[in-house]
Structure formats: structure tokens, C-alpha cells
Amino acid sequence: MDNLARMRSGRIYDPNAAELIAEQTAALEKLYDFNATRPSEGARRAELLREMLAAVGDDCYIEPPFHANWGGRNVHFGEGVYANFNLTLVDDTDIHVGDRVMFGPNVTVSTAGHPIQPALRERAAQFNLPVRIGRNVWIGAGALIMPGVEIGENSVIGAGSVVTRDIPANVVAVGTPCRVVREIGAHDDRFYWRDREVDVAIVDGRLAPVD
């Protein structure tokens, strides 16, 4: 098995192998171009995302600067994904992101790990485990998503959380390490923040929000 196959298999491999560096450098050139776009170049940004990512649905937006170890080559976005500035994707293997996921500023999603054994680390040995984020998840600012994690649909990850294990669907989870604190339920149907009530007409789409 060559290093490219090992990279995507979850097995230990050499990330500095010449055949990997050449491909990675080509991917990073496109990432450089994306980050060099001006705010008025929305169409160019969308075009570059289609070239960079393994898959990208309609209406996706990433606010530069965007950082990705393989330039997004192993990233799969659904539709309507939004990422605020400084999204970092360590995409040495697959990162799957469902429809309508929102990333706050400075979020990191990492698929890469290194062995604990010191002699292996000295040789820069690495392994990668895929990450899956379900549809309509909100990941708060500064959160860290670790290798092999799966987050279920509709869940909310609190700002600054470190997600080391799977998080189920339809929950709020926060902390270091990230833990479920409650399910999303009837309270959230009525209140959008503390004691501030939801305007039902807006949620139902009957009225536009008014300042």
C-alpha cells in the first residue's frame, strides 16, 4: 500500500513522502488564490470552491481567510454551508459537512493525529480519521473538532468546545471535553435566547424581520 492509500485508510503513514508533497502543493496553490480574492469577487470565490473541494453544494460561503491542509481536496460540503473567517480544516482525509451547517469564527476540524510513541513521532508518523458533521449543525466560535468525530444533525456545539467523541443529534453540547448538556426541545421553540421570545410569524415565514 502506497502513502496516498495509507493516508486515507486510517493507518500510519509518512506525510512527507515526495508523491504526497507534490499533490498537496498543487492543492494549496488554489487555496492561496481563494484567500487572495477581494470581497467583491463572490463569483470567483464560488468557482474556486468548486475546483478546490471534493464536493460542494449550492449557496456555500466561506469567509477568507480559509485554511486547509490539503486545500479542501478531501472536504465534502452539502448545500448552504456557511463558515466565518479562519475556518481551519485539517483535511488529510475526508471531512463530510451536511446541508446548512454553520461554522463560527476560528473553528478547527482536524482529521489528523500522531502516535503517542515518541520514536514514531520523531519520524513524523501520522494517521487520519474522517469527520462527519450532520445537516443543520451550528459550531460555535473557536470550537475544535477532533479526528474520527461524528456530530448528529441539528446539534449545537458551544463556543470554545473541544469535541473528542461523537455527539448525538438534536442536542446542545459544550465544554472541554465537549459533553451534552441538554436536548433541543419545546423551550427552544418559544425562546431564541434566554427570555427573548421567538416571533412565530417570522419563523413561519409570514413576515420579514423588522429592526
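The values are calculated or read from the model by the stated rules, or taken from the named source; none is laboratory data. The model shown is predicted, which means the values in this text are computed figures rather than measured ones. Note that we place each Cβ from the backbone using ideal geometry, even for glycine, and neighbour counts take in every protein chain shown. When the accessible area is computed, the model is the full protein with side chains, heavy atoms only, and any ligands, DNA or RNA have been set aside. Shrake-Rupley method; radii C 1.70, N 1.55, O 1.52, S 1.80 Å.
Across segment 1-110, counting alpha-carbon atoms alone, Rg and Dmax equal 14.0, 45 Å. Taking all protein chains into account, the per residue accessible area for segment 70-211 stands at 54 Å² (1.4 Å probe).
Quick one: grab the alpha carbon gyration tensor of the chain, order the square roots of its eigenvalues as a ≥ b ≥ c, and give me rounded if a/c is under 1.5, else prolate or oblate depending on whether a/b is larger than b/c. Write down the numbers at each step before the final one.
Numbers: a/c = 2.61, a/b = 1.48, b/c = 1.76.
It comes out oblate by the Cα gyration axes.
Among P130, P118, P177, which one moves the most in a GNM of the chain with springs linking Cα atoms closer than 10 Å? Among P130, P118, P177, the largest mean-square fluctuation in the Gaussian network model of the chain belongs to P118. Close amide H contacts of I151 (hydrogens built in the peptide plane, cut-off under 5 Å, sequence separation of 5 or more or a different chain): R132, I133, G134, I167.
Amide H to amide H, with H built 1.01 Å from N, V163 comes under 5 Å of L144, I145, M146, C178, counting only residues 5 or more places away or on other chains. Placing a pseudo-label 7 Å from each Cα along the Cα-to-Cβ vector at I21 and R190 gives an inter-label distance of 6.2 nm. The angle between the Cα long axis of helix 18-35 and the longest principal axis of the Cα atoms of the chain comes to about 30 degrees, rounded to the nearest 10.
Among the protein heavy atoms of the chain, carbon and sulfur supply 52% of the accessible surface, probe 1.4 Å, non-protein parts ignored.
A cut-off of 5 Å between modelled amide H atoms, ignoring neighbours fewer than 5 places along the same chain, links C60 with G80, V81.
Comparing Cα centroids, segment 84-150 and segment 172-187 end up 20 angstrom apart. Distance between the modelled labels on R121 and E63, one decimal in nanometres: 3.4 nm (7 Å Cα→Cβ projection).
Quick check: residue separation of E29 and E51 times 0.36 nm, minus the Cα distance between them. What number comes out in nm?
6.8 nm
Taking the longest Cα principal axis of the chain as reference, the axis of helix 42-52 is set at about 40 degrees.
Averaging the sequence gap over all C-alpha pairs within less than 8 Å and six or more residues apart, then dividing by the number of residues, gives segment 1-145 a relative contact order of 22 percent. Among the trypsin sites (Lys or Arg not before Pro) in segment 117-153, those located in a DSSP loop and surrounded by at most 15 other Cβ atoms within 10 Å of their own Cβ are R123.
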